[in-house]
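A.B. asks: Structure below; questions to follow.
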Amino acid sequence: MLPPGFHFQPTDQELVVHYLCRWIHRMPLPCNAVEEADVYSQEPEALLHGRERAYFFTTLRTSSSGLRVQRQARDGTWMLNTSKTGTPVNVVCDNGDEVTVGYKRNLSFYLGKVKKCTGFVMDEYTLCAPPYDNNGTKDQKVLCVIRQSPQAINNAAKRKREASSLSEISYADAKTDFFSFY
């Protein structure tokens, strides 16, 4: 982890060039702020451990045909956000050449068969190089950033405030009822 006072806030380009590319090619990383985890086998809340956001290296799981990516995680599923067209956004190197170094997809986590939105979102970064450049393996390595959406954070804070005010009211009512007997 990072020393106290340091915050890990890399740009999209830094995540692709300095972390994902180096991890795939087994080169030393600048720091250990990105963990290795199978993000597609655990629910996001379990991965975050109370943090606002977390960074993970993982391998995409594909179907037996190799054509579809499987993003099921326990009782839920990571789904591409179609509101952002579902197509990857180019991650461009800002050295003046405007070279695309990778892609970023945005996904949301849904629970159950009814696909209830949980408020967890993930950015999934991939290299733009062909799969055979991925250390000769068929599996595609990715870097994922998982966080709660600002709307979900605001809704959780609102529910907490409402629950707190309800408990204060019920305590006051109980206190009044208790003393009304005397």
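A.B. asks: Take the residues in the range 36-65 that are touching a residue at least 60 places away in the same chain (Cβ under 8 Å) and in a loop (DSSP other than H, G, I, E, B), then tell me which one is surrounded by the most Cβ atoms within 10 Å (Cβ to Cβ).
C.D. replies: Among residues in the range 36-65 that are touching a residue at least 60 places away in the same chain (Cβ under 8 Å) and in a loop (DSSP other than H, G, I, E, B), the one surrounded by the most Cβ atoms within 10 Å (Cβ to Cβ) is Val39.
A.B. asks: Go through (1) more than 30 Å from Ala157 (Cα to Cα); (2) not in a loop (DSSP other than H, G, I, E, B) and name the single condition Arg26 misses.
C.D. replies: Arg26 satisfies all of (1) more than 30 Å from Ala157 (Cα to Cα); (2) not in a loop (DSSP other than H, G, I, E, B) except (2).
Residue by residue, here is whether (1) among the basic types (Lys, Arg); (2) closer than 22 Å to Ile153 by Cα; (3) modelled with pLDDT of 85 or more; (4) not assigned by TED's automatic domain parsing to the domain that holds Asp75 holds:
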| residue | (1), (2), (3), (4) |
| --- | --- |
| Arg105 | yes, yes, yes, no |
| Phe120 | no, yes, yes, no |
| Ala129 | no, no, no, no |
| Asn134 | no, no, no, no |
| Lys138 | yes, no, no, no |
| Leu143 | no, no, yes, no |
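A.B. asks: What pairs come out if I take residues in the range 1-15 that are over 23 Å from Thr126 (Cα atoms) and pair them with residues that are surrounded by 13 or more Cβ atoms within 10 Å (Cβ to Cβ) and small (Gly, Ala, Ser) whose C-beta lies under 8 Å away, six or more apart or interchain?
C.D. replies: Note: pairs meeting the criteria are Met1/Ala33; Leu2/Ala33.
A.B. asks: I've got another one for you. Return yes when Leu111 is over 23 Å from Leu15 (Cα atoms) and modelled with pLDDT of 75 or more and no when it is not.
C.D. replies: So Leu111 passes the test.
A.B. asks: Against the definition (of a type in the set (A, V, I, L, M), assigned by TED's automatic domain parsing to the domain that holds Thr126 and within 27 Å of Pro150 (Cβ to Cβ)), how does Val101 come out, yes or no?
C.D. replies: Spelling it out, it is not the case that Val101 is of a type in the set (A, V, I, L, M), assigned by TED's automatic domain parsing to the domain that holds Thr126 and within 27 Å of Pro150 (Cβ to Cβ).
A.B. asks: Test each condition in (1) among the aromatic types (Phe, Trp, Tyr); (2) under 14 Å from the mean Cα position of the chain (by Cα); (3) surrounded by fewer than 16 Cβ atoms within 10 Å (Cβ to Cβ) for Trp78 and report the one that comes out false.
C.D. replies: (3)
The values are calculated or read from the model by the stated rules, or taken from the named source; none is laboratory data. Note that the coordinates shown come from a computational prediction; the quantities given were computed from them, not determined experimentally. With ideal geometry, Cβ positions are generated from the backbone for all residues, glycine too; neighbour counts draw on all protein chains shown.
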